[in-house]
1. Need pairs with beta-carbon distance below 6 Å; first residue in the same structural domain as Asp109 (by TED's automatic domain parsing) and within 17 Å of Val80 (Cα to Cα) and within segment 42-61, second of a type outside the set (Asp, Glu) and in a helix (DSSP H, G or I); sequence gap 6+ or separate chains.
2. When you scan segment 158-199, how many residues do you find that are at pLDDT 75 or above, within 47 Å of the chain's Cα centre (by Cα) and among the hydrophobic types (A, V, I, L, M, F, W, C)?
3. In segment 240-272, which residues are over 14 Å from Ile288 (Cα atoms), out of contact with any Asp or Glu (no Cβ under 7 Å at 6 or more places or on another chain) and not charged (D, E, K, R)?
4. Out of curiosity, is Gly263 in contact (Cβ under 8 Å) with a residue 60 or more places away in the chain and crowded, with 16+ Cβ neighbours inside 10 Å?
5. List the residue pairs whose Cβ atoms are under 6 Å apart, where the first residue sits in segment 158-187 and is part of a helix (DSSP H, G or I), the second is among the β-branched types (Val, Ile, Thr), and the two are 6 or more positions apart or on different chains.
6. Where the second residue is among the polar types (S, T, N, Q) and the first is assigned by TED's automatic domain parsing to the domain that holds Thr269 and lies in segment 209-237, which pairs have Cβ atoms under 7 Å and are six or more apart or on separate chains?
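The values are calculated or read from the model by the stated rules, or taken from the named source; none is laboratory data. In this text, all values refer to a predicted model and were calculated from it rather than measured experimentally. With ideal geometry, Cβ positions are generated from the backbone for all residues, glycine too; neighbour counts draw on all protein chains shown.
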Amino acid sequence: MTAGRLDHAELLDALTTGVVLLDGAYTVRHANVAAQGLLAMSLTKAHGKPFVEFFADANGLPGMLQRARERREVIAEREVGLRTVDAPRELRVFDVTVTPIESADGDTDLLLEIDDATQRSRLNRDSELRARLDGSRLMTRQLAHEIKNPIGGLRGAAQLLERMLPEVSQREYTKIIIAEADRLTALIDNMTGPARPPNKQLLNLHEVCEHVHRLLRAEAPRGVSIERDYDPSVPEGLFDRNQLVQALLNLARNALQAVGESGRIVLRTRAVINVHIGARRERLAVRIDVKDDGPGVPEEIRGSLFMPLVTARPNGTGLGLAVAQEMVHRNGGAIEYHSEPGNTVFSLTLPLTSRS
């Protein structure tokens, strides 16, 4: 290697943007330090090998390379999802720019610029979800108004009927109608009224997990194994216990329904550092995973999974995940998921820094 080339390599290694140089056969000539870190590959192993061999799912990347080389024009795409061979289950999101450059021998090489867009993608998804949830809440309130009107009419009719019935035994039925009408009205008011602030207290999150574990074991068929994998280093945190139990239980019951009569569910906790929750960066947080080996989330509902009334089950209400997400948001956290057949994980991430 000449001194000039060494200086060139050192300059590329100083960049925070990942840079990969490919020859005309799409094999790796050079990858700077940032690219090696982003793509979990070493230059020693990558040099001289086809670039796409390092991906379990290249998701359109080969087509980008081919178009840039054939058309001799810059091709840029935002938020390209890639899975590397070393971590095939982890979807990473990148902004990719492919620039054709003429090599010394007259051939066309390709210069790839790769920026990690995973966090921005998560922030955009979280913002979109919040906007869609706000729209759903408005629709729910409008629907509740339309439902409460006939309920009020039924209650009033039952009261009039009660005055006309001569026998006490007959009035028992009207009392049931009135009581059920009042119950439905209270339920609608609770669902559509202002969200009450969390009643936060210092909690041992493993106690919450154990409570959910006991409830799940009582409901699970004999063929379902429910395991625990707890991180003893997870500290206590300030949360609303009832809201966390409700959220975690909804996720766990979904997993139970996914595995059916036989399968494996794991409740797992991990302390994580320097993690983003929405737009905030948290120094210390806890991640609670609910993992199952069921068939996975159907592709057609993945984009709207946390929306109310969205479900893949014929008898499902589509409210469990929406409620879980709302409960976790009230405690400063977020829910994300990864799903493929045999490996679905819903992750509940909560901040462990003191918040009022």
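1. The qualifying pairs are Val52/Pro62; Ala58/Val52.
2. 6
3. Those that are over 14 Å from Ile288 (Cα atoms), out of contact with any Asp or Glu (no Cβ under 7 Å at 6 or more places or on another chain) and not charged (D, E, K, R): Asn242, Gln243, Asn254, Gln257, Gly260, Ser262.
4. The answer is no for Gly263.
5. Sorted first by the residue in segment 158-187, then by its partner, the pairs are Ala158/Thr174; Ala158/Ile177; Ala158/Ile178; Leu161/Thr174; Glu162/Thr174; Ala181/Ile151; Leu184/Ile151; Thr185/Ile151.
6. Listed by first residue and then by second, the contacts come to Cys209/Thr269; Gly223/Ser262; Val224/Ser262; Tyr230/Thr269; Asp231/Thr269; Val234/Thr269; Glu236/Asn204.
Okay, residues lined up against (1) modelled with pLDDT of 75 or more; (2) exposed (fewer than 15 other Cβ atoms within 10 Å of the Cβ); (3) of a type outside the set (Lys, Arg); (4) under 28 Å from Glu336 (Cα atoms):
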| residue | (1), (2), (3), (4) |
| --- | --- |
| Asp13 | no, no, yes, no |
| Val19 | yes, no, yes, no |
| Tyr26 | yes, no, yes, no |
| Glu53 | yes, yes, yes, no |
| Leu61 | yes, no, yes, yes |
| Ala68 | yes, no, yes, no |
| Arg71 | yes, yes, no, no |
